[in-house]
Amino acid sequence: MRAIHARTFRRSFDDVPRDWFAGNTFATQLVNSINLLFPEGERFFVRSVKRYEKDIDDPELRAQMRGFYAQEGQHANAHERYFKAMRAQGYDIDAIVTVAERLLRPRYLSKEMCLSITVALEHYTAIMAELMYTDPFFAKIDEPMKSLLLWHAAEEIEHKAVAFDVLKKINPSYALRMGGYAIASLGLVLVWGAGTASLMRQRRAGFAKVLRDVSEVLGNGVLGRKIFFRALAQYVAPDFHPLTRDILPLVRQYLEDFEREAA
Ligand SMILES: [Fe+2]
Ligand SMILES: [Fe+2]
């Protein structure tokens, strides 16, 4: 059984450079934008899974669920701390955060669909987390954001199967899983895209720089090939399970070092 427990990220965000993602304004705003969705998203994930606690009697999965709540809670706190740094850099982020709050408290979706959406978004998170540890473009991120994202990514990789295993026990329907994926993907593209556009507008970089930076990200295939297509290609398999591709060995050393340094 995989034991899952939370670790606290304590680094300050006082010294975050403006274009902290390899000097690339577009890549920075893409991750800044998704950062604004994380805290409310993670609270949604926890609510969606917690509703089923009484229906899960496997003690190992129940223990993993508790670890999952604790980790997502810590992630939400750390990313919310970074909000302050974004505001200090002059960004108006309230509108994006409010949209995320409204969308992630859906009134017309069933409990099962909310869980299915959570599973889909956890899959996206795991795909992005893997890039943090394997893609040379991500290795160029500046501190302290690099440390924040490595820490978050490692725990996402550690708990990537928890929500899926709960959904599988509650309702293993393929249609439900893919329905959640469709809603999650559409919502993610729209809100992430709108947030990025808003931040890019506020950043006011020159046209030539924007063109160069957008070309670098698109040329790198980060959004299309490495995130959205890869995520879909894995998820559509009827026998998909997050741990078919268990990449915990990628982050084991990182987690051990993190715990030693925190001790
Ligand atoms: Fe998280
Ligand atoms: Fe997660």
*asked:* Can you tell me which residue is nearest to the chain's Cα centre (by Cα) among those in region 1-21 that are surrounded by 14 or more Cβ atoms within 10 Å (Cβ to Cβ) and charged (D, E, K, R)?
replied: 7
_Given the options 101, 130, 155, name the one that is surrounded by fewer than 17 Cβ atoms within 10 Å (Cβ to Cβ), more than 15 Å from residue 184 (Cβ to Cβ) and touching a residue at least 40 places away in the same chain (Cβ under 8 Å)._
101
*Out of 120, 85, 139, 100, sole residue that is under 26 Å from residue 11 (Cβ atoms) and touching a Lys or Arg at 6+ places or on another chain (Cβ under 9 Å)*: 139
*helices (runs of 4 or more DSSP H) fully within region 100-208 counting 1 or more residues that are among the hydrophobic types (A, V, I, L, M, F, W, C), over 30 Å from residue 18 (Cα atoms) and more than 16 Å from ligand 2 (Cβ to nearest atom)*: 111-134, 162-170, 174-203
*When you go through (1) buried (at least 16 other Cβ atoms within 10 Å of the Cβ); (2) out of contact with any Phe, Trp or Tyr (no Cβ under 7 Å at 6 or more places or on another chain); (3) among the polar types (S, T, N, Q) one by one for residue 215, which number turns out not to apply?*
(1)
*Are any residues in region 62-87 polar (S, T, N, Q) and within 12 Å of ligand 1 (Cβ to nearest atom), and if so, which ones?*
71, 74, 77
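Values in this text are rule-based calculations from the coordinates and carry no lab data. Predicted, not measured: the structure shown is a model, and the values here were computed from it. Neighbour counts are summed over all protein chains in view; Cβ atoms, including those assigned to glycine, are modelled from backbone coordinates with ideal geometry.
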